[in-house]
Amino acid sequence: MSLAKDFKEFLLKQNALALAVGVVIGAAVGRVVSAIVGDVIMPFVGLLLPGGEWRNWAVPLTHDATGKVTNAIKYGDLLGQLVDFTIVAIVIFAVTKALLKEPTKTCPRCAEPIAVAATRCKYCTRDV
């Protein structure tokens, strides 16, 4: 019985349970972001990028006896991965910014936005 109690205490004390919930939610959000990028954004990106198999662009380094490329630098794949990463990063930033919008108020002295719960402006240090 002590082992179960110790394990429960560990989960609660070390925030392991909160971390596990965060990982599960993060995985779900990742699938949603991937769907947004793949199904909504990438078709528009495809209109802007050059046609054809640009993700297969490569610089051949070696050929076999039949002339087939056996080793190549696949810069088209690298460019594709960079485009994908950039789009996913922008979507994650936009979703996070929309979901984590913190309520603010304006400092009467310097007019900078500060948290509603703030008692002192972090910009001009005036009590609010």
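Within the stretch 30-52, identify whether any single residue is over 30 Å from Lys122 (Cα atoms), of a type in the set (S, T, N, Q), assigned to a strand (DSSP E or B) and out of contact with any Lys or Arg (no Cβ under 9 Å at 6 or more places or on another chain), and answer yes or no. Working first, answer last.
From the stretch 30-52, those over 30 Å from Lys122 (Cα atoms) are 30-52; that's our starting set.
This time we only want the ones that are of a type in the set (S, T, N, Q), so: 34.
From what is left, the residues that are assigned to a strand (DSSP E or B) are none.
No - not one qualifying residue is present in the stretch 30-52.
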Give me the residue from the stretch 93-117 that is among the aliphatic types (A, V, I, L, M) and in contact (Cβ under 8 Å) with a residue 12 or more places away in the chain and, out of that set, nearest to Ser34 (Cα to Cα). Val95
Does any residue in the stretch 76-92 that is closer than 11 Å to Val37 by Cα come within less than 8 Å, Cβ to Cβ, of a residue that is assigned to a helix (DSSP H, G or I) and open to solvent by 70 Å² or more (accessible area, probe 1.4 Å) six or more places away or on a different chain, and which pairs are these? Val88/Ser34
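The values are calculated or read from the model by the stated rules, or taken from the named source; none is laboratory data. The shown structure was predicted, so the numbers you read here are calculated from the model rather than taken from an experiment. Cβ coordinates were reconstructed from backbone atoms using ideal geometry, including for glycine residues, and neighbour counts include every protein chain displayed. Keep in mind that these areas ignore ligands, DNA and RNA; they rest on the heavy atoms of the full protein, side chains included. Shrake-Rupley method; radii C 1.70, N 1.55, O 1.52, S 1.80 Å.
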